[in-house]
Amino acid sequence: MPEENQRLADRMEQLGFKQAELARQVNTEIELLTGQPGKVLDSDVRRWLRGETRWPQDRIRLCLERVLSASAEDLGFVPRKKRTAPPEEDSVHRRRFLTTASGTILAVGTTGTSDHRRLGINDVRRFHQDYVAIVRQDAAGRGSKQVENLAVELASRIQSALALSAASTRVRDMLHRLAADVISSAAFASIDASAPQRARAHLDKALTFAGLSRDSEAMYHVWNHMTLTSSQRENHAEAVAGAEVMKRSSVARRDPLYASLGHMRNANGLARLRRRSEALRALNDAERAFARTTDQQRPEWIRFFDGSELDALASYMWTALGDHGRAEYCLHRTLAAIPDDMVRNRALYTAHLALAQARQEELELACATGRQAYMMLPSSSGSGRTANTLAATRKVLVASGSKAPEVAEWIEESAEWI
């Protein structure tokens, strides 16, 4: 029984190659080498993996070395026993073989390694670790501008790696998806800074990366931020249209969590268009879909959407419909359940709670809540959404004409940090 070639299997896994794709790329190298199409099949690759072919033919072996950036021996192949040739004679033979029909000598080293780097799964993992660190900084409210800059820089590094290095289709797709997620994080940082035009520019790039990745989750991620950007620009009809794309995506059909978020975005857009009955139906659809969700592995960016976030987004809808009592109820539920590490969101929703209280003429309570929101947000956060919500709260308090000492003190105090 031949022994399986584990070295070859490990290298294929490291570089993200499936059997059929490896065969295709070897055939491409053969055509570049000889001018004739290669005839390697995925069944040949299986024979290599099973150890049935211990030493492939010269042209196949050399092209395989180029594709996998490793020598045949390092790939687990065993040379046939033959007369030992002097090094000079062996080198001459190799150069003669590499001469194409046109007389051109291909630049292939004696180990068969390629002169450019090949990206693999480990590269994807390293880039992904950097992305996770950015997501965590964003959740902790470490500074929207800093998060945006880090995300833009990481996306640029991924794009440069793709341009300068070879990669399997699988690895290339994974990196395009990651680049889409990363630049979407830059867009969200812009949204949090209340800079929708800048966010839209990032999302145009993210849409290209998502398309190249051919991944429905990456496309959904981009559209989620598209709806937020449209809403921030007061183009609520466009936000509703974007939410419809989210609801109908293949990932929303597969996973009720994605369906729920799409319905919630739709509910908020419809509420701002004063389409109350449709907004309430969308809210009901969101809650029903969320009730069907199960715990499973999902991308980092959507982990924010839990029960506390569902209530927070519902509060936005009730605010748009003018029901500030229900909005306050939802926000209390959110703040009771939101994870401790979601510092930025906790400050944002506390600010919205202050606004809901002010609009119900609970003025002194709104002042205390607003001060709490300001104190919990790091000074370097740059969260324009939180600042704008506190500014709206202050405007309501000023318009109230209240002479209460607590209100007057908060109005004066808040003028320094809003």
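At-a-glance table
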{"quantity": "Residue in region 399-417 that is closer than 26 Å to residue 143 by Cα, of a type in the set (Val, Ile, Thr) and within 37 Å of the chain's Cα centre (by Cα) present", "calculated": "no"}
{"quantity": "Sole exception among (1) under 25 Å from residue 316 (Cα atoms); (2) surrounded by fewer than 22 Cβ atoms within 10 Å (Cβ to Cβ); (3) not small (Gly, Ala, Ser) for residue 204, by number", "calculated": "(1)"}
{"quantity": "Residue identified as in a helix (DSSP H, G or I) and crowded, with 17+ Cβ neighbours inside 10 Å among 155, 163", "calculated": "155"}
{"quantity": "Test: residue in region 231-250 that is part of a loop (DSSP other than H, G, I, E, B) and under 23 Å from residue 349 (Cβ atoms)", "calculated": "yes"}
{"quantity": "Helices (runs of 4 or more DSSP H) wholly inside region 270-345 that include at least 2 residues being surrounded by 15 or more Cβ atoms within 10 Å (Cβ to Cβ) and within 26 Å of the chain's Cα centre (by Cα)", "calculated": "276-291, 307-320"}
{"quantity": "Leading residue by the ranking (nearest to residue 118 (Cα to Cα)) among those in region 71-98 that are in a loop (DSSP other than H, G, I, E, B) and modelled with pLDDT under 80", "calculated": "98"}
{"quantity": "Candidates 217, 244, filtered to the one that is charged (D, E, K, R), surrounded by fewer than 21 Cβ atoms within 10 Å (Cβ to Cβ) and within 25 Å of residue 307 (Cα to Cα)", "calculated": "244"}
{"quantity": "Every residue from region 36-57 that is exposed (fewer than 15 other Cβ atoms within 10 Å of the Cβ) and of a type in the set (Asp, Glu)", "calculated": "42, 52"}
{"quantity": "Selected residue (criterion: nearest to residue 169 (Cα to Cα)) from residues of region 1-60 that are of a type in the set (Phe, Trp, Tyr) and at pLDDT 85 or above", "calculated": "48"}
{"quantity": "For residue 354: the one exception among (1) under 21 Å from residue 266 (Cβ atoms); (2) crowded, with 22+ Cβ neighbours inside 10 Å", "calculated": "(1)"}
{"quantity": "Every residue from region 148-170 that is modelled with pLDDT of 90 or more and either touching a strand residue (DSSP E or B) at 6+ places or on another chain (Cβ under 9 Å) or over 16 Å from residue 206 (Cα atoms) (or both)", "calculated": "161, 162"}
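The values are calculated or read from the model by the stated rules, or taken from the named source; none is laboratory data. Remember, it's a predicted structure, so these values are computed and weren't measured experimentally. Quick reminder, even Gly has a Cβ in these numbers, built from the backbone with ideal geometry, and neighbours come from all protein chains shown.
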